[in-house]
Amino acid sequence: MSLLGKKFPTPIAKPLGPFFAAGAVILYGINSLGNALMNTGEFKNDPRNPNLKNNKH
């Protein structure tokens, strides 16, 4: 006897697969946009930029 009642064979991952894929595409796009913006002229010499080679404090 299960503590939570009867178990039903409900598929969870298969119907939600397109949403997981869309989320991965959105996260990839946000990451690419952030990386592109970090290399623009406005933020290239910003001390908060992690790509800054001369990291003197």
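The values are calculated or read from the model by the stated rules, or taken from the named source; none is laboratory data. The model shown is predicted, which means the values in this text are computed figures rather than measured ones. As a convention, Cβ positions derive from the backbone with ideal geometry for all residues, glycine included, and neighbour counts pool all protein chains shown. What goes into the accessible areas is simple: the full protein's heavy atoms, side chains included, and nothing from ligands, DNA or RNA. Shrake-Rupley method; radii C 1.70, N 1.55, O 1.52, S 1.80 Å.
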Seminar exercise, completed: Only one of Phe19, Phe8 is farther than 30 Å from Lys53 by Cα, open to solvent by 60 Å² or more (accessible area, probe 1.4 Å) and assigned to a helix (DSSP H, G or I), namely Phe19
Exercise. So how many residues does the stretch 33-53 have that are touching a residue at least 12 places away in the same chain (Cβ under 8 Å) and open to solvent by less than 90 Å² (accessible area, probe 1.4 Å)?
Worked result: 3
